[in-house]
Amino acid sequence: MSDTPSKILYCRCAFAKVVPDGVKTEVLDGLCESGKSFESVADLCEMAARKDPRIQTLLDESGTTRIAACYPRAVKWLFHQAEAPFPSDDQVEVINMREEKAPDILEKLLKS
Amino acid sequence: MKNDIHPFQVVLYEGKGASAWDKAERLSVTATLLDKGYSVKRITENVANESTSPVSDAYPVLILGEFNEAAPDVFDGSGKLEITTRDTADLDSDGILELVATVRGEKDAGLNQPGEKGAWKPWFPVIDYDRCTNCMQCLSFCLFDVYGVDDEKEIQVQNNDNCKTNCPACSRVCPEVAIMFPKYTSGPINGEPVKEEDVARESMKVDITSLLGGDIYSSLKTRSEKAKSRFSKERSPDKALTERKKCLTKLQQSGIIPAEVLAELDLSTLPSPDEIQRKAEEMAKLMGES
Ligand code: SF4
Ligand code: SF4
């Protein structure tokens, strides 16, 4: 995927404790510090379940999107289930906050 | 309860015509709003990042900023978004959070707040269609009609509200390890990549179809008269209930359904034999047509 993402999305996973608190706080801090525009949502699972209309606006149809959330396989099919499928796998990079360390996640999210 | 929830978007604006927020305030307001269930978009000068996708539905948007002049009136070209702007220059973090709650109240936008009484915890299956073979085992297994089929007869999750919180049982039924629960603790159910040994383990399933009051799944496949008569015998409510209790105990022993979920299951709310039969007939129709 291109190195300049047109969108950055951060999922807070607010309804569960599956993403370590320290990781999600450090990632949010880094995004806030970065000076970049970004989208953040309380809980992608919750939005997908309700088919929240905003989910249709979270991915960039023509450019690229980087998402800080959980396992890429889960996030990909969650968007699909919410009727907002990834435009193509190449256009969306999911970075796993359950497994990766905050500095690595930030580097992947913010690299240009 | 999901009908009471209405999207409400908060925007922290730090672009042209507004000052940058205090560092600590930006983080604390964003984190607190997210933890309360809001979606927050931050817009900075760096709006090369901004590409808009069409909005399918109307919802209110609250733009917060420390504007250099009076908070501007902003209109959405599509006419769908109801945009409100508020100046936050004189407010501390608590004041900003209060302002957001007030505007949301004015817009009558119900929020699903994590941790609040009555909040709906998003717990539902997600299908990996790269793995799914459309075998319908999940549909036949789930007692709560979470699954259904679309017009093309492809399996889909239709009633995610019905799913029993923290119960991942249907994911253990799927022979292809295609069912995920993203908030589950361990893999591959949580979406971790599927390994060969996961597939092998899933092939050693317990006889969960008996939970439906008999081996309906295979009996429908063969449509044997014998199976039909066995099924009709099980239409006695007492017998079906006893059978279900027995199967639930088996499931508990197998560790497929967590004990706390089983404890919450009210056997009397499980489908009646009539409902089981209706479901069985639907399955038969589906399988006959496919
Ligand atoms: S997508 Fe992943 S990180 Fe986001 S709410 Fe769901 S489980 Fe949590
Ligand atoms: S049991 Fe698995 S493979 Fe079969 S239809 Fe359901 S998700 Fe697909």
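Structure above, values below:
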{"item": "Residue that is modelled with the highest pLDDT, among those in region B:173-195 that are near ligand 2 (Cβ under 10 Å from one of its atoms) and not aliphatic (A, V, I, L, M)", "result": "B:E176"}
{"item": "Sole exception among (1) farther than 27 Å from B:V146 by Cα; (2) within 16 Å of ligand 2 (Cβ to nearest atom); (3) of a type in the set (D, E, K, R) for A:K24, by number", "result": "(2)"}
{"item": "Qualifying position, being within 12 Å of chain A (Cβ to nearest Cβ) and more than 16 Å from ligand 2 (Cβ to nearest atom), among B:K80, B:K117, B:K107", "result": "B:K80"}
{"item": "So B:E176, is it more than 16 Å from ligand 1 (Cβ to nearest atom), within 14 Å of chain A (Cβ to nearest Cβ) and among the acidic types (D, E)", "result": "yes"}
{"item": "Of residues in region B:151-172 being modelled with pLDDT of 85 or more and within 12 Å of ligand 2 (Cβ to nearest atom), the one farthest from the other protein chains (Cβ to nearest Cβ)", "result": "B:K153"}
{"item": "Residue among A:A82, A:A68 that is of a type in the set (A, V, I, L, M) and closer than 17 Å to B:F181 by Cα", "result": "A:A82"}
{"item": "Pick from region A:60-85, criterion more than 9 Å from every other protein chain (Cβ to nearest Cβ) and within 12 Å of the chain's Cα centre (by Cα), ranking: farthest from A:I8 (Cα to Cα)", "result": "A:F79"}
{"item": "Pair list, Cβ < 7 Å and 6+ apart or interchain, from region B:123-140 residues that are at the interface with another protein chain (Cβ under 8 Å from one of its Cβ atoms) and in contact (Cβ under 8 Å) with a residue 40 or more places away in the chain to residues that are of a type in the set (G, A, S) and away from ligand 1 (no atom under 16 Å from the Cβ)", "result": "B:I127/B:A178; B:D128/B:A178"}
{"item": "Residue, modelled with the highest pLDDT, within region B:34-51, restricted to residues that are farther than 25 Å from B:G110 by Cα and part of a loop (DSSP other than H, G, I, E, B)", "result": "B:E45"}
{"item": "Filter pass, A:D21 being modelled with pLDDT under 95 and more than 8 Å from every other protein chain (Cβ to nearest Cβ)", "result": "no"}
{"item": "Where A:G63 falls short, out of the listed (1) of a type outside the set (A, V, I, L, M); (2) more than 16 Å from ligand 2 (Cβ to nearest atom); (3) free of Cβ contacts under 8 Å to residues at least 24 places away in the same chain", "result": "(3)"}
{"item": "Single residue of region B:179-202 satisfying the filter (free of Cβ contacts under 8 Å to residues at least 12 places away in the same chain and outside any helix (DSSP H, G or I)) that is farthest from ligand 1 (Cβ to nearest atom)", "result": "B:K195"}
{"item": "Complete set of residues in region A:24-59 that are at the interface with another protein chain (Cβ under 7 Å from one of its Cβ atoms) and basic (K, R)", "result": "A:K36, A:R50, A:R54"}
{"item": "Pairs with Cβ under 9 Å, 6+ apart, first in region B:20-33 and at pLDDT 95 or above, second part of a helix (DSSP H, G or I) and of a type in the set (D, E)", "result": "B:R26/A:E33; B:L27/A:D29; B:L27/A:E33; B:A31/A:D29"}
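The values are calculated or read from the model by the stated rules, or taken from the named source; none is laboratory data. Predicted model only: the values in this text are computed from it and were never measured. Every residue, glycine as well, gets a Cβ built from its backbone with ideal geometry; the counts of neighbours run over all protein chains shown.
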